[in-house]
Amino acid sequence: MSQIQDNYKEVRRKIDEKCKEIGRKPEDVTLIAVSKTKPLSDIEELIKIDVMDYGENKPQELRDKFEMVSTPVRFHQIGHLQTNKVKYIINKAVLIHSVDSFKLAQVIEKEAAKREIHRDVLIEVNYAEEDTKFGVKKEEVLPLIKEIASSFRHVHIRGLMTIAPFVENPEENREVFKGMHQLLLDIKSENIDNVDMSILSMGMTNDYLVAVEEGATMVRVGTAIFGERDYS
Ligand SMILES: *Cc1c(COP(=O)(O)O)cnc(C)c1O
């Protein structure tokens, strides 16, 4: 058993344990292994133990890994997506977590329609309104969803995503996660055509267990699985 395999299993075990403790079904929480900046060989290690979901933040890196990987797996576009880079991932990313403008949705629609495919997306929410983060403000989420859902036929909104603030103590993000869950439920209750609010993508290495407690259905964990990243 390699270190990366061990780490993955440990994170998965903690999620399962937390789910049981609070009465959620473990299979309702997808663990996305965030493999950004890491070599393909790290992904191959996890493929050996049947891990299917990987997160990348750079479109070209997602494309390259998608093309080189030995077994088809699911790649999630979790980082900011510029409109001119949609073409790299449109037929490769299983889910785009980072839609934050009508313009971006419009380009996804155009590229998907061209290829006669459909694409699932999440709306990225800058819940804590940090200047350094992408995403829409909470009060802009519902109007944006209504606009996208009524305009496009190849783009399907499946839920919300957020990157919570960097904090020392994960408890500090509980209110953010709670607020995101409430926002998801509020939007769900609108029963908007072509929208299903089934996915809540939140929680990273530092705070994924708090996110699970507050209703995350996808957590995105990098460091705890693959170790520290080297950006040099
Ligand atoms: C890098 C990244 C993660 C994973 O972060 P860790 O703290 O290493 O778990 C999750 N989500 C997004 C959007 C990221 O860019």
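Here, the range 1-51 has an Rg and a Dmax of 12.3, 37 Å when only alpha carbons are counted. Each Lys and Arg Cβ is given +1 and each Asp and Glu Cβ -1; about its Cα centre, the range 125-213 then shows a dipole of about 400 debye.
Taking Cα pairs under 8 Å and at least six residues apart, what relative contact order does the chain come out at, in percent? Mind showing how you got there, number by number?
Values: 434 pairs, mean separation 47.1, N = 232.
The normalised contact order for the chain reaches 20 percent.
Taking a quarter of the surface of the Cα convex hull of the range 124-182 gives a mean projected area of 4.5 nm². Across the range 42-130, the mean sequence separation of Cα contacts (distance under 8 Å, 6 or more residues apart), normalised by length, yields a relative contact order of 24 percent.
How big, on average over all directions, is the shadow cast by the Cα convex hull of the range 1-110, in nm²? Orientation-averaged projected area of the Cα hull: 7.8 nm².
A simple packing score, the average count of other Cβ atoms within 10 Å per residue, orders the peptides 157-166, 189-198 as 157-166, 189-198, with the highest score first.
Counting alpha carbon pairs within less than 8 Å and at least 6 residues apart, what relative contact order, in whole percent, applies to the range 80-138?
Working: 75 pairs, mean separation 20.4, N = 59.
Relative contact order, the range 80-138: 35 percent.
For the range 89-167, a simple Cβ point-charge model (Lys and Arg +1, Asp and Glu -1, everything else neutral) yields a dipole of about 400 debye relative to the Cα centre. Orientation-averaged projection of the range 110-232 equals 9.2 nm² [convex hull of Cα atoms, one quarter of hull surface area].
All alpha carbon pair distances within the range 185-228 were sorted into 5 Å bins beginning at 0; the resulting P(r) in whole percents reads 5, 22, 20, 17, 15, 10, 7, 4, 1.
Largest GNM mean-square fluctuation across K114, K36, K103, computed for the chain with C-alpha springs under 10 Å, falls on K114. Its alpha carbons give the chain an Rg and a Dmax of 17.0, 49 Å.
To the nearest whole percent, what portion of all C-alpha pairs in the range 74-162 is separated by more than 16 angstrom?
Details: 1836 of 3916 pairs.
Result for the distance tail: 47 percent.
For the residue pairs K14/K38; K9/K133; K18/K38; K9/K48; K36/K114; K14/K133, alpha carbon separations beyond 19 Å are given by K14/K38; K9/K133; K18/K38; K36/K114; K14/K133. Using only DSSP helix segments of four residues or longer, with each worth -39500 (n - 2.57), what per-residue ellipticity at 222 nm results for the chain after dividing by its residue count and rounding to 500? -12000 deg cm²/dmol, from helical runs alone.
We did not get these values from a lab; they are worked out from the coordinates using the rules stated. The model shown is predicted, which means the values in this text are computed figures rather than measured ones. Quick reminder, even Gly has a Cβ in these numbers, built from the backbone with ideal geometry, and neighbours come from all protein chains shown.
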